[in-house]
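Student: Pasting a structure below so you can have a look.
Since every read-out is calculated from the coordinates, none of them should be taken as a lab result. None of these values were measured; they are calculated from a predicted model.
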Amino acid sequence: MNTMKRFKAQVHCPICRHNVGADVELLRKKVRVVPGQWCTRCAATLDVAGVVDVPEAA
Ligand SMILES: [Zn+2]
């Protein structure tokens, strides 16, 4: 069984300081941005972005 859930959420890009949509994953109650994605506004990596809006799916 795969215990890792992935879904869409809003994340806060620390570079351009905008919220953008990205894939996030849920790992034992902790939500983090799926590595390897880029901000749609400034093309910075989202690896360090903070998740700001998580759907109730968890
Ligand atoms: Zn950005």
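Student: In percent, what relative contact order does the chain have, based on Cα pairs under 8 Å that are 6 or more apart in sequence?
Tutor: 36
Student: Once the principal axes of the Cα atoms of the chain are found, what is the range along each, listed largest first in whole angstroms?
Tutor: 36, 20, 14
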